[in-house]
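Report on the following structure.
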Amino acid sequence: MSEHYFTQKPQSKSKPQTWNYKVGQKNYSFTTDEGVFSKTTVDYGSRLLIDQFEQPKISGEILDLGCGYGPIGIILATEHKDRHILMSDVNERAVMLAKQNAEQNNVTNVSILLSNRLDQLKDREFAAILINPPIRAGKKIVHQMFEESYQALKENGELWIVIQKKQGAPSAKKRLELLFNNVETMARKKGYHILRSVKR
């Protein structure tokens, strides 16, 4: 089994690779490495989340929680230049790559930092939080990410999740309904669900 990507210090030998990825008319360049999630292309779930995401109606920062090497945050920062995107991950290698990829793609409206879930973000509030959750870390950690996100959202802030049906979409939906008293399925494609909850 490959190394768990939800780890602070990946032990796998570094083998960086750089590849191109197109969204609409825009070409992106991403450098990835061993020990990070979906190292050969932007995974289908992340791309679906990017495509479905709508800017929140309220002002404020957007958080890409568990950003990996940065595709969600970097693409959204490019598409929404009037927003500041904060990107965070527990994986030191992923954070280093996300910083490199922001520079490679000339994205300046982002900040990237190391954080275990929202531990380093307790003084921040967000207009929206996006999560492609680390399923292999287990349901307990994934649901903690939902709970901490609820606390970190502004009033009328939005939590956006992508999750496969077979990897826990029904239980995620129940948890979000309990936390927010609302959850909407924004898209269903190839077994992936995009869920949105609003903090009322």
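For region 41-198, would you read off the P(r) tail past 28 Å as a percentage of all alpha carbon pairs? Don't skip to the answer; put the middle values down first.
Details: 1374 of 12403 pairs.
So the portion of pairs separated by more than 28 Å is 11 percent.
Place +1 on the Cβ of every Lys and Arg and -1 on the Cβ of every Asp and Glu in region 41-198, take the dipole about the Cα centre, and give the residue among Phe126, Phe53, Ala152 whose Cα lies farthest towards its positive end.
Phe53
What lysines sit close enough to Lys13 to cross-link, taking a C-alpha to C-alpha distance under 19 Å and skipping anything fewer than 8 places away on the same chain?
Filter leaves Lys39.
List the aspartates and glutamates whose alpha-carbon lies under 18 Å from that of Lys81, not counting same-chain residues fewer than 8 positions away?
Answer for Lys81, where 18 Å is the Cα cut-off: Asp51, Glu54, Glu61, Asp64, Glu103, listed by chain and number.
What are the radius of gyration and Dmax of region 17-59, computed over its Cα atoms and given in Å?
12.9, 38
Under 5 Å between amide hydrogens, which residues at least 5 positions from Met87 or on another chain qualify, with H placed 1.01 Å from N in the peptide plane?
Result for Met87 returns Asp64, Ser111, Ile112, Leu113.
What residues qualify as long-range amide H neighbours of Phe126, i.e. H under 5 Å apart, gap of 5 or more or another chain, H built at 1.01 Å from N?
For Phe126, whose amide H was placed from the backbone, the distant partners under 5 Å are Leu153, Lys154.
Under unit Cβ charges (Lys, Arg +1; Asp, Glu -1), what dipole magnitude, rounded to 20 debye, does region 41-198 have relative to its Cα centre?
Numbers: 22 positive and 19 negative charges, 157 e Å.
Here the size comes out at about 760 debye.
Please report how far the C-alpha centroid of region 17-57 lies from that of region 91-148, rounded to the nearest whole angstrom.
15
Among Lys99/Lys190; Lys139/Lys190; Lys140/Lys166; Lys57/Lys140, which pairs are too far apart, with a Cα-Cα distance over 23 Å?
Numbers: Lys99/Lys190 31 Å; Lys139/Lys190 21 Å; Lys140/Lys166 17 Å; Lys57/Lys140 31 Å.
Among Lys99/Lys190; Lys139/Lys190; Lys140/Lys166; Lys57/Lys140, the Cα-Cα distance tops 23 Å for Lys99/Lys190; Lys57/Lys140.
Ser88: net charge of surrounding residues, Cβ under 15 Å, Lys/Arg +1, Asp/Glu -1, itself excluded?
Numbers: positive: Arg93, Lys99, Arg117, Lys122, Arg124; negative: Glu61, Asp64, Asp89, Glu92, Asp119, Asp123, Glu125, Glu148.
Charge balance in the 15 Å sphere: -3.
Please report Rg over Rh for region 70-134, where both radii come from the alpha carbon positions and Rh follows the Kirkwood definition. List each step's numbers first, then the result.
On the way: Rg = 11.3 Å, Rh = 12.1 Å.
Rounded to two decimals, Rg/Rh equals 0.93.
A short reminder: the numbers here are calculations on the coordinates, not readings from a lab. Because the structure is predicted, anything quoted here is derived from the model rather than measured. A quick note on method: Cβ atoms are made from the backbone with ideal geometry, for glycine too, and the neighbour counts reach across all protein chains shown.
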